[in-house]
Each structure stands twice: as C-alpha cells, then as structure tokens.
Amino acid sequence: MNDRGFFISLEGIDGSGKTTLKESIIRELNLNNSVVGIREPGGTVVSEQIRDLVLDARNSGIMGKTEALLYAAARSQVVEEVIRPALNRGQIVIADRYLDSTIAYQGYGRGLDLQFLFDLNHLCTGGLYPDLTLYLDIDPLEAYRRRQGELPDRLEQEGLEFQARVRAGYLVLAASEPRIRQLDATRSQRQIHDEALRLISTCLLSRNRD
Ligand SMILES: Nc1ncnc2c1ncn2[C@@H]1O[C@H](COP(=O)(O)OP(=O)(O)OP(=O)(O)O)[C@@H](O)[C@H]1O
Ligand SMILES: [Mg+2]
C-alpha cells in the first residue's frame, strides 16, 4: 500500500505503555528527522479538537456510533494530512493507536457491529494499513496500578471491566492478523523496547528483500 516509507502502529489498553514505547523508539530511530510520531485521536489541529471533544468527561452522552464516527473523522484527517505524505517522502511513521483501537474499543468494548467498524476503518483510511502493529498485552489491573495518580478521562472511568473486554478484543485481533505482533507488556521498558526494535528491523529487512 505504501512503497517507500514504513508504517508502525502501537496498540494496547489504557496504560499498557504505548506512549512510553513510541518515545523510546523515536529516540532510537530518529536520525535526520526520518521518523514522524503521531497519536490518535490527534496528530493534526482538527484531529486534536476532535480528541478534546471525545475525551471530555462532560460529553458522557456521546453514543457509541457517534464516538466511532468521530474517531474515524479524526483518523481520516491525520491519514491525508500527515501519514500518507510522510510515507510518500520515505519516512517512518509511528502511530500511538490506529485502526485496531476502533475494533477493540468500539467493537469489543462497546459492542458495536464489527463489520460496520471494519468497513468504517477501510473508508476513513482509504485502505492504508500499518506494515507492522505492536500490540502491548497487559492485565487491566496491572496497567491501572501503573497509572495511579493520573486523573482518569471519560473512557478510563468506565473501569476495568471495559478494559478487560477491550483486551479480549485485541487478543482476537492479534491472533487473526499477521501484521500484529503481541508483546508481553509486563516486562521492563528496556526489554519491551529491545523486542520492539528487533521486530521492526526484521519486518523492514524482509520487506526490503521483496
Ligand atoms: N514496561 C513498563 N514497566 C513499568 N511501567 C511502565 C512501563 N511502560 C510504561 N510504564 C509506565 O506506565 C504508565 C503508562 O504508560 P504509558 O503512558 O506509556 O501508557 P499508554 O499505553 O500510552 O496509556 P494511554 O492509553 O492512557 O495513553 C506510565 O506511568 C509509564 O511510565
Ligand atoms: Mg498514551
């Protein structure tokens, strides 16, 4: 789907270590500004405004389908404005969440129709899927313990049962999609970082051979 750059997404429940890993990968790989990091929802002015709207604790009345459509709108914008142009320039793009979050959260977490969400993902990305997805697997309680002291946002308030359904969804996705590689996120940051870099190098090398 993209001939030049390399597209990595990071997935996992809240507090699984995605942002920590994204920052350490960028520190390691970002020679000559060759890496573009984004977060979802977000990554553009418009997408960050949609993020504020969706995560605002006052908006507890947002319906599940509305939420999915707002995330899709934010994703469509960041794909066209940032991700595709960066890949076309030959850069590495690292996304802190991408389309698997929609399936795990809105599908398995909230119970929206999975086929609707797969179709929505295809539409809003124009079929741009990551070359490699690193899924950080961790028990919701352990992830929550790490985050004590931070104020929960609207999604986080819904608690550990919701996170457990989301995790179950990620596990189904990881077992069915070859691009998704599952990492044990209970290990040290160093161990996770090293494994992530090994997986990235292997994937890059095998793609360059094709
Ligand atoms: N391997 C690790 N071991 C112990 N603590 C970690 C590890 N990785 C990250 N943390 C800590 O866990 C907390 C959550 O990590 P982080 O913010 O990277 O998760 P996240 O997946 O980005 O969460 P969110 O989905 O809410 O954005 C942070 O306090 C971070 O310092
Ligand atoms: Mg984060």
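The values are calculated or read from the model by the stated rules, or taken from the named source; none is laboratory data. Note that the coordinates shown come from a computational prediction; the quantities given were computed from them, not determined experimentally. A quick note on method: Cβ atoms are made from the backbone with ideal geometry, for glycine too, and the neighbour counts reach across all protein chains shown. Protein only, heavy atoms only, side chains kept; ligands, DNA and RNA dropped before computing areas. Shrake-Rupley method; radii C 1.70, N 1.55, O 1.52, S 1.80 Å.
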If you go through Ala74, Ala68, Ala57, Ala95, the only one that is in contact with a helix residue (DSSP H, G or I) (Cβ under 9 Å, 6 or more places away or on another chain) and more than 16 Å from ligand 1 (Cβ to nearest atom) is Ala68
What is the one condition in (1) within 16 Å of ligand 1 (Cβ to nearest atom); (2) at pLDDT 95 or above; (3) out of contact with any strand residue (DSSP E or B) (no Cβ under 9 Å at 6 or more places or on another chain) that Leu141 does not satisfy?
(2)
Residue under question is Ser206, and the condition is that it be modelled with pLDDT of 85 or more and away from ligand 1 (no atom under 12 Å from the Cβ); does it hold?
yes
Exactly one of Arg51, Arg39 is within 16 Å of ligand 1 (Cβ to nearest atom), under 19 Å from Ile180 (Cα atoms) and either surrounded by fewer than 22 Cβ atoms within 10 Å (Cβ to Cβ) or at pLDDT below 95 (or both), and that one is Arg39
Name the residues in region 1-34 that are within 15 Å of ligand 2 (Cβ to nearest atom), at pLDDT below 95 and among the acidic types (Asp, Glu), would you?
Asp14
Within region 1-36, considering residues that are open to solvent by less than 50 Å² (accessible area, probe 1.4 Å) and basic (Lys, Arg), the one farthest from ligand 1 (Cβ to nearest atom)
Lys22
Would you call Asp100 more than 14 Å from the chain's Cα centre (by Cα), at pLDDT 95 or above and within 16 Å of ligand 1 (Cβ to nearest atom)?
no
Could you identify the single residue in Gln163, Gln182, Gln115, Gln157 that is modelled with pLDDT of 95 or more and closer than 20 Å to Lys65 by Cα?
Gln115
Of everything in region 60-72 that's open to solvent by less than 50 Å² (accessible area, probe 1.4 Å) and away from ligand 2 (no atom under 16 Å from the Cβ), which residue is farthest from Gly5 (Cα to Cα)?
Ile62
Scan of region 77-90 for residues that are surrounded by 17 or more Cβ atoms within 10 Å (Cβ to Cβ) and either in contact with a strand residue (DSSP E or B) (Cβ under 7 Å, 6 or more places away or on another chain) or of a type in the set (S, T, N, Q) (or both), ordered by number
Gln77, Val78, Val82, Ile83, Ala86, Leu87
Do you know which of the residues in region 178-199 that are closer than 11 Å to Tyr135 by Cα and away from ligand 2 (no atom under 16 Å from the Cβ) is farthest from the chain's Cα centre (by Cα)?
Asp184
Please verify whether region 146-163 includes one or more residues that are within 17 Å of the chain's Cα centre (by Cα), within 16 Å of ligand 1 (Cβ to nearest atom) and either surrounded by fewer than 17 Cβ atoms within 10 Å (Cβ to Cβ) or not polar (S, T, N, Q) (or both).
yes
